[in-house]
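Right, one structure below, let's go through it.
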Amino acid sequence: MSELEPSPPQVDDPVDPLFSRAASPFVRTEAPAPVAFASPPDMSQISLASTWVTYKTQIQFGLAILAYLMVLVGSVTVVQANPHAGWKYYVAVLPVVPAGMVIWLTVKALGRLDEVQKRTQMQALGFSMVATGLITFAYGFLEGVGLPHLNSTYVLPLMAVLWGVGYVALRLRYVFRR
């Protein structure tokens, strides 16, 4: 035998199984070596484009609501200033255009939701429609016994409020169920 050959392992040498020391409280472990990651960008470097991408839906919705309010105020002012004009009906209907944009943006935003969010929204909208129908139906009977007549323009805000109530109730139920 030459000295270059490795000696056979001794039978008495302990075998260290894999992961035997990973959780041992008796063996001192060393901190892992730091890894060099790129540092995050400075807050001053956030661009307008990244803000647009992040808040695109909210910005579009806000601009559509702003357009609706501006057109609404303008059309009401013009119609009140010209009560006998033949074109007042066309001007009175102008706020429907930006309101249609709000509807389009809402449907587009609903399409981007995941399945759980879509289900919650659908249940909230269903609650809103059924509750609005029930409330307006009941108020119709109450008008028959003497309550004042309400304008039908209150139906959509009532539906929106009930959608919000239904959505909050469903989200709370979902949060507390976990």
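Observations, loosely collected:
- Number of the exception - GLU115 against (1) open to solvent by 60 Å² or more (accessible area, probe 1.4 Å); (2) in contact (Cβ under 8 Å) with a residue 40 or more places away in the chain: (2)
- Sub-7 Å Cβ pairs linking a first residue in the stretch 122-138 that is over 15 Å from ALA169 (Cα atoms) to a second residue that is of a type outside the set (S, T, N, Q), at least 6 apart or interchain, are MET129/MET159; THR132/VAL155; THR132/LEU158; THR132/MET159; THR132/LEU162; ILE135/LEU158; THR136/VAL155, ordered by first then second residue.
- Taking the listed residues ALA38, ALA33, ALA23, the one that is at pLDDT below 90, more than 41 Å from the chain's Cα centre (by Cα), surrounded by fewer than 10 Cβ atoms within 10 Å (Cβ to Cβ) and part of a loop (DSSP other than H, G, I, E, B) is ALA23, with no other qualifying.
- Of the set (1) within 21 Å of the chain's Cα centre (by Cα); (2) under 20 Å from VAL102 (Cα atoms); (3) free of Cβ contacts under 8 Å to residues at least 24 places away in the same chain, all apply to THR153 but (1).
- Qualifying residue in the stretch 90-99 (condition: open to solvent by less than 80 Å² (accessible area, probe 1.4 Å), under 30 Å from TYR55 (Cα atoms), part of a helix (DSSP H, G or I) and free of Cβ contacts under 8 Å to residues at least 60 places away in the same chain): yes
- Verdict on GLY133 being open to solvent by 60 Å² or more (accessible area, probe 1.4 Å) and over 15 Å from the mean Cα position of the chain (by Cα): no
The values are calculated or read from the model by the stated rules, or taken from the named source; none is laboratory data. Note that the structure is a prediction, hence the values are computed from the model and not measured. No Cβ is skipped: glycine too gets one built from the backbone with ideal geometry, and neighbour counts run over all protein chains shown. Keep in mind that these areas ignore ligands, DNA and RNA; they rest on the heavy atoms of the full protein, side chains included. Shrake-Rupley method; radii C 1.70, N 1.55, O 1.52, S 1.80 Å.
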